[in-house]
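Take a look at the structure below.
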Amino acid sequence: MKLILVRSHREDIVAVSGLWTVKDKLKIVRLVPDAFIIFPGEIMMIVNDDVSIDFLKKLRTLEKMLSLSTTLARLRRALGTDKRVFVSVSAIVDDYDDLSRAAYCGGADGILHDVELRDITFRDDTVQLIPINSVDSQYIAVKYDELAKVDLELVKRAHGLIIYLDFRPSLNMLRCLREKCITLYGKSRIIVAVPHIYLSYSLIERARDIIYGVAITSFGRPIRLDYVDYSREIFLYRCSECRRDLVSSSIMRKCPRCGQRLIELLKEPSERYFKYTARELRYIFMNMLKIVEKGVIVDYYGY
């Protein structure tokens, strides 16, 4: 039996995603369902499988989806639930069905259709493919240095402006950008689109009253998976009241500190966990975020 652990030196939460891709390829004993939030160092899955090259390849594929969902989850937490978080379809076009589901596991509001001359169709019709730069657009996309060239009549019909940046913004720059958009077009809803190398979660948190949202045009690989051999029973719970994750060698029903009922994180695999739509995954994630937004302490029992 092997414990699959999530590791990260950059992120402080991990939004689980991609388990639907390995449900028939790994012998899963227990798992944390997709769209749940766990923390670096915690168990994501318990498998009964031999270590092989194919086994490691499956983990590398999972890391990509976990990295996307976690990047968006960090953005969602920094911005707040009332703002917008998107991923550009050009960032996920190599595997957009699985990666779009992973995006919703991280709380994404939709996928921006910014790939020209390509027909994108998702298998899951609950994935919202948001048009940009057309007559009936929800958003108008523009590069930062071409902001003044946008057609005024086109902007009037749009919900907001997506401004693509090829540099790391500052707080003062974002304030000036918003004022410029209000002056030019009367639009205060601006979404900044940036590659992951220019993302600063602390800046986004301070800018939540200035910008309407963030779109990522690329993402890195901050999450990696590790495994350890283990032969004893192991359980993982979370108390929604005192915000503690409890790692136990025996079944627990109530929190030993506050007496409240525990949320079981490591569950036996069920087919229903793999059939959630993108919107349902987002709903699960948003509920999990409410529990962990103030941080979680990990306690060990029975070790």
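Conditions tested, residue by residue: (1) surrounded by fewer than 17 Cβ atoms within 10 Å (Cβ to Cβ); (2) under 26 Å from Ile197 (Cα atoms).
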residue	(1), (2)
Ile4	no, no
Lys23	yes, no
Pro33	no, no
Ile43	no, no
Ile46	no, no
Lys57	yes, yes
Leu62	no, yes
Ser67	no, yes
Thr81	yes, yes
Q: Quickly run through segment 105-155 and pick out the residues that are touching a residue at least 40 places away in the same chain (Cβ under 8 Å), under 19 Å from Arg178 (Cα atoms) and hydroxyl-bearing (Ser, Thr, Tyr).
A: Tyr139
Q: Go through segment 160-244 and tell me which strands (runs of 3 or more DSSP E), entirely inside it, have 2 or more residues that are within 17 Å of Ala73 (Cα to Cα).
A: 190-194, 213-216
Q | Check on Ile234, surrounded by 13 or more Cβ atoms within 10 Å (Cβ to Cβ) and within 18 Å of the chain's Cα centre (by Cα) | A | no
Q: Consider Ala148 carefully, then state whether it is crowded, with 19+ Cβ neighbours inside 10 Å and either farther than 24 Å from Tyr96 by Cβ or small (Gly, Ala, Ser) (or both).
A: no
Q.
Which pairs turn up if I take residues in segment 224-236 that are over 25 Å from Lys57 (Cβ atoms) and look for partners that are of a type in the set (S, T, N, Q) and surrounded by 12 or more Cβ atoms within 10 Å (Cβ to Cβ) with beta carbon separation below 9 Å, at least 6 apart in sequence or on another chain?
A. Arg232/Ser249; Glu233/Ser248; Glu233/Ser249; Ile234/Ser248; Ile234/Ser249; Phe235/Ser248; Phe235/Ser249; Leu236/Ser248
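Quick note: the coordinates plus some simple rules give every number you see, no bench work behind them. Source: prediction; values computed, not measured. Note that each Cβ is placed from the backbone with ideal geometry, even for glycine, and that neighbours are counted across all protein chains shown.
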